[in-house]
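Each reported figure results from applying straightforward, stated rules to the coordinates on display, with no laboratory input. Bear in mind the structure is a predicted one, so any value in this text is a computation, not a measurement. FYI the Cβ positions are ideal-geometry reconstructions off the backbone, even for glycines, and counts take in every protein chain you see.
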Amino acid sequence: ALGENFSAEACVLQLVENGSLAEAKASHGHSSAMELAGDPLVDKAIETLKIQGSANVSADADLSGLESYQNAGVQAHLVLPIAFRDRLRAVASLQWTQPNSVQEKEVEWIHRCAQQIALALTCADLA
């Protein structure tokens, strides 16, 4: 639902264990979703527990030359850390094949969704 609400071509949810991406992940949308391992935005989101993104990858000097973006055709990328009580549970990646400008109100809504995902993951661990 997260990817659909923001017309993202791909949405990837990948678990994080001990500060690193785990193997377990789920994806929705475009079959050639970009892999998250080694992505600078994902690494920074894991490190800082803050949303990271690029609205126009081709204009971003740090991302435009990366093979992973070129191969998947990703032109905009938003990475959300999924944390509950400062414990990182997962990261969610929204990927677009065209530059995309997410509005501040939308980022707030996305952040609320991320909090709900974190709560659900935490409850699943307790069950």
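Rounded to the nearest 20 debye, the dipole magnitude of region 61-124 is 320 debye, with +1 charges on Lys and Arg beta carbons, -1 on Asp and Glu beta carbons, and the Cα centre as origin. Here the chain is assigned +1 on the Cβ of each Lys and Arg and -1 on the Cβ of each Asp and Glu. Its dipole about the Cα centre then comes out at about 360 debye. In this simple spin-label approximation, residue 97 and residue 28 carry label points 7 Å from Cα along the Cα→Cβ vector, and these lie 1.9 nm apart.
Helices in the chain, meaning DSSP H runs of at least 4 residues, each add -39500 (n - 2.57). Divided by all residues, the mean residue ellipticity at 222 nm is -10000 deg cm²/dmol. Compared with the dominant Cα axis of the chain, that is its longest principal axis, helix 104-126 is turned about 40°. Once divided by 2.2 N^0.38 Å, the Cα radius of gyration of region 12-86 becomes 1.09.
In region 52-93, what trypsin sites (Lys or Arg not before Pro) fall in a loop by DSSP, with at most 11 other Cβ atoms inside 10 Å? Filter output for region 52-93: 85. Across the chain, the relative contact order, built from alpha-carbon pairs under 8 Å that are at least six residues apart, equals 26 percent. Residue 123 label point, 7 Å along Cα→Cβ, cut-off 20 Å on backbone N: hits in region 62-99? Within reach of a label on residue 123, which here means backbone N under 20 Å from a point 7 Å along Cα→Cβ, region 62-99 contributes 82-92. Look at (1) 23, 15, 14; (2) 38, 13, 8; (3) 36, 18, 12: the one that is semi-axes √(5λ) of the Cα gyration tensor in Å derived from this structure is (1).
Ordering 92, 54, 42 by the projection of their Cα atoms onto the charge dipole of the chain, which places +1 on the Cβ of Lys and Arg and -1 on the Cβ of Asp and Glu, puts 92 at the extreme positive end. Using the Kirkwood formula on the Cα atoms of region 80-127, what hydrodynamic radius do you get, in angstrom to one decimal? Final number for the Kirkwood radius of region 80-127 is 11.8 Å.
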